[in-house]
Each structure stands twice: as C-alpha cells, then as structure tokens.
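Encoded as structure tokens, the structure appears first; notes follow it.
The values are calculated or read from the model by the stated rules, or taken from the named source; none is laboratory data. All values reported here derive from a predicted model rather than from experimental measurement. Heads up, the Cβs are rebuilt from the backbone with ideal geometry, glycines too, and the neighbour counts pull from every protein chain shown.
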Amino acid sequence: MSIVELYAPGTASRRYPSNWHALALSIRHAAHLKCAFPGCQARHLAVGYWDGAQFIEAIVAPLGERLVRVLIAAAHLDRTPATADKEQLMAFCQRHHLWYDRAENIVIKRSRLKSLSYELPHIPRS
C-alpha cells in the first residue's frame, strides 16, 4: 500500500491500532505532557508563542507574533500508524510532530493536489 493510499481521507480507523487512544494517552503521560523533542519544553495545552525554536508561555504575544495553544500527541518514530510498540512512539508538540513527518506530508499533499488538477477544455478560436 502506498503512502498516499494509506492516508486517504476516511481511512484513519484502519491505520491505527484498536487501542490507539489509550496507547497515545499513556505515551503523553509518560512524557509528563511535555514535548520530548530535544530542547523543546512545550507543555500540553500551554498558551504562548514560538520565538525561533523556543516556545515561550505567555498570555500576550509581542507585536508580530501569534499566540498558539500547544497540543502534545504521540508520534510514530517508524512512521507506521499501525505500530503499537511503545519504543516506536514519542510525545511531540504539533510543531515538532509536523516537522518530523514533513517528508510524508509533502508527498501526500502533492498527490492530493495532483488529483484535484484537471485539464481545461480546448476552446477553438473563431
């Protein structure tokens, strides 16, 4: 199965183990609801802004910055959603989870955009 087929809309329940919610929760709690990406100290549900690679908790962001709420999720280190092995799962904030999966996300996005493209009909000039 290709990566595009694996991530087709509506297939999430077939990709993940049946106990995924409990497994992901245990991974997040084992990391004390903090991002386990090296150097990141973002906490689950914290509000703040990103200053380069550092997350700063704040209730007001400096001019030009945007406040965000951090969510910690379980990331598959082997990039296989069916994995239930705790050694292959790590708690990441959404920024680092997306960064870690960026290559797969690019392939999926390009494939979806390609499937949306169509050829314009030929209109003869008079």
Next on the checklist: So in region 54-78, with the set limited to residues that are in a loop (DSSP other than H, G, I, E, B) and in contact with a helix residue (DSSP H, G or I) (Cβ under 9 Å, 6 or more places away or on another chain), which one is surrounded by the most Cβ atoms within 10 Å (Cβ to Cβ)?
Outcome noted: VAL70
Checklist outcome for this item: HIS29: passes all of (1) at pLDDT below 95; (2) touching a strand residue (DSSP E or B) at 6+ places or on another chain (Cβ under 9 Å); (3) assigned to a helix (DSSP H, G or I); (4) of a type outside the set (Val, Ile, Thr) but (1)
Next on the checklist: Can you tell me how many residues within region 79-93 are within 21 Å of ILE108 (Cβ to Cβ), outside any strand (DSSP E or B) and in contact with a helix residue (DSSP H, G or I) (Cβ under 9 Å, 6 or more places away or on another chain)?
Outcome noted: 4
Item to check | Yes/no for ALA103 being surrounded by 12 or more Cβ atoms within 10 Å (Cβ to Cβ), on the phi < 0 side of the Ramachandran plot and either assigned to a loop (DSSP other than H, G, I, E, B) or under 19 Å from the mean Cα position of the chain (by Cα) (or both) | outcome: no
